[in-house]
1. Would you point out the residue of region 66-116, among those that are of a type in the set (K, R) and either surrounded by 19 or more Cβ atoms within 10 Å (Cβ to Cβ) or in contact with a helix residue (DSSP H, G or I) (Cβ under 9 Å, 6 or more places away or on another chain) (or both), that is modelled with the highest pLDDT?
2. If you scan region 387-413, which residues turn out to be under 15 Å from K99 (Cα atoms), in contact with an Asp or Glu (Cβ under 9 Å, 6 or more places away or on another chain) and in a loop (DSSP other than H, G, I, E, B)?
3. Only one residue in V155, V194 is touching a helix residue (DSSP H, G or I) at 6+ places or on another chain (Cβ under 9 Å) and closer than 19 Å to I261 by Cα, so which one is that?
4. Residue under question is L169, and the condition is that it be of a type in the set (A, V, I, L, M, F, W, C) and in contact with an Asp or Glu (Cβ under 9 Å, 6 or more places away or on another chain); does it hold?
5. Could you list, in sequence order, the residues of region 237-267 that are among the acidic types (D, E) and over 21 Å from D305 (Cβ atoms)?
6. Only one of these conditions is not met by L120: (1) part of a helix (DSSP H, G or I); (2) modelled with pLDDT of 90 or more. Which number is it?
7. One residue is enough: does region 26-35 have a residue meeting the conditions more than 30 Å from L127 (Cα to Cα) and assigned to a loop (DSSP other than H, G, I, E, B)?
8. Hey, can you tell me all the residues within region 469-478 that are within 26 Å of V343 (Cβ to Cβ) and surrounded by fewer than 23 Cβ atoms within 10 Å (Cβ to Cβ)?
Amino acid sequence: MELSWSIFMFYCAVLFLGYVSIQVFILLVDYNRKCRTLRRLPQPPSHWLYGHSREIFVESSKSFLDISTRTMEEMDAKVFLLWMGPFPIVQVCHPETFKQVNQKVLTKDNSMSGPYRLLLDFIGEGLLGSNGKKWERNRKLLTPAFHFNILSGYVSVMNKAVDTLTEKLETATVGGKSVDVFPYVCRSALDVLVTCSLSYEGHFQDYQNLDYLNAVQRILEIEVQRYSQPWQMLDVLFYLSPAGRELKRLCKSSRSFTEHIIKARKAELKNQPEFGEKRRLDFLDILLTARDEQGNGLTFEEIHDEVDTFTFAGHDTTACTISWTIYALGLHREAQELVYQDVCAVIGDDTEFKTEHLGKFSYLTQFVKETMRFYSPVPVLTRRNEHPIEIDGYEIPTGCSINIQSYLIHHNKHVWTDHNEFKPERFNAVNRDGNEIYGFLPFSAGSRNCIGQVFAMNEVKITIAKLVKKFEVVKDPDYETDIRPEFVMRPSDGIKVFLKKRFN
């Protein structure tokens, strides 16, 4: 009997190994076919194993942008291919090509090689990374949170936070010292975000709740480093490493922070379901009370994911945009004067910005848009095709990572005249052309564009307007910075400027 059982187990093992071998063989054949097809795309020479990884990550995350820019220019390509180790990634760098992709591919890349998967432990499966029916349903349920009337109620919060920011910056520059504005702007943007969306007084500018802010920044550092090392994309290996264990701990800490806020609000709504005059309707209220056509609301996990997504994406990209705009003001003094005149013409002697002011700015809006083109707060958008597609005459097999290179599109000589020059007037209504649809992508384009773009632009306008009304911005000539493309476009070494008080 024991012999029969042993024989049975032996045959089971042989069958299992045979099945696994066949599946591996099928995967290898499919991978080989996919690679042969993609080899037809323009691409620089690559190593058979490392691909372009060693060149891309030889020094910093900017190396990826450098090799991408060089490939686009040398091959004069609208689309090309780069290899992250064994992973082929299609790179799109022209608006006409992006338009084709946008009409055929709506799925965010959550595959093993995709960047959005790395954020799942941090922000869950919110709008940023979800797909299909879930994304469609949640997008529809969240849209009322960004209605004009809701956004108008946030303007006073933004005014207050920016007043605190300018006070902090004035104190930091006493005696004519220069200041790195980036950490100040990050704290201000996070204060705005949690106050507006969660009605929570975070007091980040008063150095409270810094454990959360520090955790967010460290999480992004770990994830960017992980993405640059393809062997760390395997979860089973990564989470055994010290960085993996640290990431788990930090994600748990950051999600506990927002979980506490959500649970407290849920209890508050249960006890007091009607909104009184004490508190305005906010993003979290809408999440908790939203219902679809079947009368079903979002689960606690879905609410938690959306809150974490909006808290991260809503403050990080906005903080980078504001910081680069301040940097551009210091570099382009004549343009800064035009921004100042525009602000004074709109607001006069008032110190409080109102909703009606925001649509009246002219040159300020042009300056902010040119900053977003030149520095590209979100340098890359990633998609994944679920069926074979053709773009620019090239076949793209099923399951490919497709990078929409916003920065490259913004610096493509065939798209933007004098693409490496900073010219706000290119966004004047007289000069406006089709580039602003698929060639200008600070908030993506199409149905998967950023749901919070009006909120973000309002905050950027108010922050910059109040700053130039109070200070003249001068770049510190002894301090250099550079772009550092990660999930967002960060400054490599902060942004140091002098702030000279205006006496109007």
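The values are calculated or read from the model by the stated rules, or taken from the named source; none is laboratory data. The model shown is predicted, which means the values in this text are computed figures rather than measured ones. Positions of Cβ are backbone-derived with ideal geometry, glycine not excepted, and every protein chain shown enters the neighbour counts.
1. Going through region 66-116, the residues of a type in the set (K, R) turn out to be 70, 78, 99, 104, 108.
Next, only the ones that are either surrounded by 19 or more Cβ atoms within 10 Å (Cβ to Cβ) or in contact with a helix residue (DSSP H, G or I) (Cβ under 9 Å, 6 or more places away or on another chain) (or both) stay: 78, 99, 108.
Numbers: K78: 96, K99: 92, K108: 84.
Filtering region 66-116 for residues that are of a type in the set (K, R) and either surrounded by 19 or more Cβ atoms within 10 Å (Cβ to Cβ) or in contact with a helix residue (DSSP H, G or I) (Cβ under 9 Å, 6 or more places away or on another chain) (or both), the one modelled with the highest pLDDT comes out as K78.
2. D392
3. Testing whether each residue is touching a helix residue (DSSP H, G or I) at 6+ places or on another chain (Cβ under 9 Å) and closer than 19 Å to I261 by Cα leaves just V194.
4. Numbers: of a type in the set (A, V, I, L, M, F, W, C): yes; in contact with an Asp or Glu (Cβ under 9 Å, 6 or more places away or on another chain): no.
When the stated conditions are applied, L169 does not pass them.
5. Going through region 237-267, the residues among the acidic types (D, E) turn out to be 246, 259.
Correct list: E246 only.
6. (2)
7. No: region 26-35 contains no residue that is more than 30 Å from L127 (Cα to Cα) and assigned to a loop (DSSP other than H, G, I, E, B).
8. Residues of region 469-478 that are within 26 Å of V343 (Cβ to Cβ), as a first pass: 469-477.
Of everything in region 469-478, those that are within 26 Å of V343 (Cβ to Cβ) and surrounded by fewer than 23 Cβ atoms within 10 Å (Cβ to Cβ) turn out to be K469, K470, F471, E472, V474, K475, D476, P477.
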